[in-house]
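**Student:** Have a look at this one.
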Amino acid sequence: MNSVFRNNTTMNLTQLSKEDILLALSEIPDPEIPVITIEELGILRDVKWDCITCTIVITPTYTGCPAMKVIEDDIRIKLKSLGIENIIVELVYSPAWTTDWISDTAKEKLEKYGIAPPEHSSVDKGTLLGKPRDLRCPHCSSKNVQMISQFGSTACKALYRCLDCREPFDYFKCI
């Protein structure tokens with residue numbers, strides 16, 4: 001971790017760089033999937049810092065995502081711990097968030113956590129053509145899976161069941 005944050009002490013704000021702020025924000029977990037961060041999920045878009053006001057630009061995974069308020073609160077808490085008081089959290093809807101923004105590291109973490117990561121790029125139109133999903137069970141790696149519901153534990157996931165190990169699992173939908 002950067003020495004700026006080692007002792008959890010506030011530093012002179014003129015010494016704080018955009019990179020320091022990004023580093024601090026990159027530690028914030030997604031409230032719905034705590035094994036990945038808001039940076040790895042791809043919703044942390046930009047930091048604007050002029051040594052007085054810090055503007056954080058985030059893009060929700062979908063309009064109306066209930067986690068955005070928690071994420072905004074977590075951003076404010078993190079920035080205040082750095083001594084930043086003038087904070088603007090800007091929600092940007094264009095371009096719309098896509099699963100293409102999820103890092104490969106996050107996809108690996110999702111699978112280890114028991115969530116099947118998005119299988120392909122969001123440009124995959126297989127569903128429109130009636131092609132079945134080529135999913136792998138995150139528990140046993142079997143491809144013998146069945147969708148139980150188009151909606152899983154959150155709106156961005158679908159619920160599946162492995163027909164081999166019999167375990168249910170969420171699939172993070174391609175958006």
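Bear in mind that the values in this text are calculations on the coordinates, not laboratory data. Being a predicted model, the structure only gives us computed values, none of them experimental. Note that we place each Cβ from the backbone using ideal geometry, even for glycine, and neighbour counts take in every protein chain shown.
**Student:** Fully extended, how many nm does the chain gain between N12 and Y113 (0.36 nm per residue separation, minus their Cα-Cα distance)?
**Tutor:** Numbers: separation 101, 0.36 × 101 = 36.36 nm, distance 3.87 nm.
Length difference between fully extended and current span is 32.5 nm.
**Student:** How long is the gain from V89 to I175 if the chain were fully straight, where each residue apart is worth 0.36 nm and the alpha carbon distance is subtracted?
**Tutor:** On the way: separation 86, 0.36 × 86 = 30.96 nm, distance 2.36 nm.
Extra length from V89 to I175 when fully extended: 28.6 nm.
**Student:** Taking 0.36 nm per intervening residue step and subtracting the Cα-Cα distance, what contour gain separates Q146 from T55 on full extension? Could you put the intermediate results ahead of the total?
**Tutor:** Numbers: separation 91, 0.36 × 91 = 32.76 nm, distance 4.36 nm.
That pair, Q146 and T55, stretches by 28.4 nm at full extension.
**Student:** Next up: First measure r as the distance between the Cβ atoms of K80 and S153, then evaluate 1/(1 + (r/R0)^6) with R0 = 35 Å and state the FRET efficiency to the nearest 0.05. Mind showing how you got there, number by number?
**Tutor:** Values: r = 31 Å, r/R0 = 0.88.
With a Förster radius of 35 Å, E is 0.70.
**Student:** Once you list every other residue whose beta carbon is under 13 Å from the beta carbon of Y62, what net charge do they have if Lys and Arg are +1 and Asp and Glu are -1? Can you show the working numbers first?
**Tutor:** Values: positive: K157, K173; negative: E32.
Charge balance near Y62 sits at +1.
**Student:** For the chain, just list the percent of Cα-Cα distances falling in each 5 Å bin from zero outward, please.
**Tutor:** Whole-percent P(r) values from 0 Å outward: 1, 8, 16, 18, 16, 13, 9, 7, 5, 4, 2, 0.
**Student:** How large is ³J(HN,Hα) for each residue in the stretch 30-39, as worked out from phi by the Karplus curve 6.51 cos²θ - 1.76 cosθ + 1.60 (θ = phi - 60°), to whole Hz, x for Gly and Pro?
**Tutor:** Using θ = phi - 60°, the values come out as 5, x, 8, 9, x, 7, 10, 9, 5, 6 Hz.
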